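Taking it in order: structure first as structure tokens, then the write-up.
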């Protein structure tokens, strides 16, 4: 009886990947990528006027490359639904479509979205994004930025909005800022 716990501990020490620690569904970005307010350049008039709202808020970032495909449109829709599912904390969350260049055209319903900010990454941010956890974010992915401007969690394309909502709710509950 006394050998069983030691055997289990020895096995887990030799194979640490068998147990998933933590309750988060997304992948933490280690180390977090720090951004500055000048890292985001508004892509349209509305975004240029309101880009300052990113500071001090939790931000759901949807990377958009080239023509926004169905995967991209689904990710934008899911991020909108996550914002609505947050409920009373909706004022603490902003959404951002991070465009790869100024020529990217979002589908019609996303061009007129009154709460979706559209921005271009500055050169420093563009190079930092390509090195997040060894790979650049892909279309349809989601990145969470904290109120201090740190890109701290990412989700793969086809993410489950309920899992993102759970993670974001935990972050909002324990956060003393934003």
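The values are calculated or read from the model by the stated rules, or taken from the named source; none is laboratory data. What you are looking at is a predicted structure, and each value in this text was computed from that prediction instead of being measured. Cβ: placed from backbone, ideal geometry, glycine included. Neighbour counts: every protein chain shown.
Restricting segment 129-145 to residues that are outside any loop (DSSP other than H, G, I, E, B) and surrounded by fewer than 17 Cβ atoms within 10 Å (Cβ to Cβ) leaves a set whose member that is modelled with the highest pLDDT is 130. Restricting 168, 148, 172 to those that are assigned to a loop (DSSP other than H, G, I, E, B), out of contact with any strand residue (DSSP E or B) (no Cβ under 6 Å at 6 or more places or on another chain), at pLDDT 90 or above and more than 19 Å from residue 68 (Cα to Cα) reduces the list to 148. The residue of segment 36-46 that is farthest from residue 142 (Cα to Cα), among those that are under 18 Å from the mean Cα position of the chain (by Cα) and in a helix (DSSP H, G or I), is 37. Among the residues of segment 109-117, none qualifies, meaning not one is farther than 21 Å from residue 170 by Cβ, modelled with pLDDT of 85 or more, part of a helix (DSSP H, G or I) and in contact with a strand residue (DSSP E or B) (Cβ under 6 Å, 6 or more places away or on another chain). The set of residues in segment 51-70 being more than 14 Å from the chain's Cα centre (by Cα), surrounded by 14 or more Cβ atoms within 10 Å (Cβ to Cβ) and assigned to a helix (DSSP H, G or I) consists of 51, 53. Being out of contact with any strand residue (DSSP E or B) (no Cβ under 8 Å at 6 or more places or on another chain) and either under 24 Å from residue 84 (Cβ atoms) or surrounded by 13 or more Cβ atoms within 10 Å (Cβ to Cβ) (or both) is the filter here; which residues of segment 15-50 pass it? Answer for segment 15-50, where residues must be out of contact with any strand residue (DSSP E or B) (no Cβ under 8 Å at 6 or more places or on another chain) and either under 24 Å from residue 84 (Cβ atoms) or surrounded by 13 or more Cβ atoms within 10 Å (Cβ to Cβ) (or both): just 23.
Would you call residue 76 within 20 Å of residue 161 (Cα to Cα), free of Cβ contacts under 8 Å to residues at least 60 places away in the same chain and outside any loop (DSSP other than H, G, I, E, B)? So residue 76 passes the test. Selection of segment 16-35 for residues being more than 15 Å from the chain's Cα centre (by Cα) and in contact (Cβ under 8 Å) with a residue 12 or more places away in the chain yields only 23.
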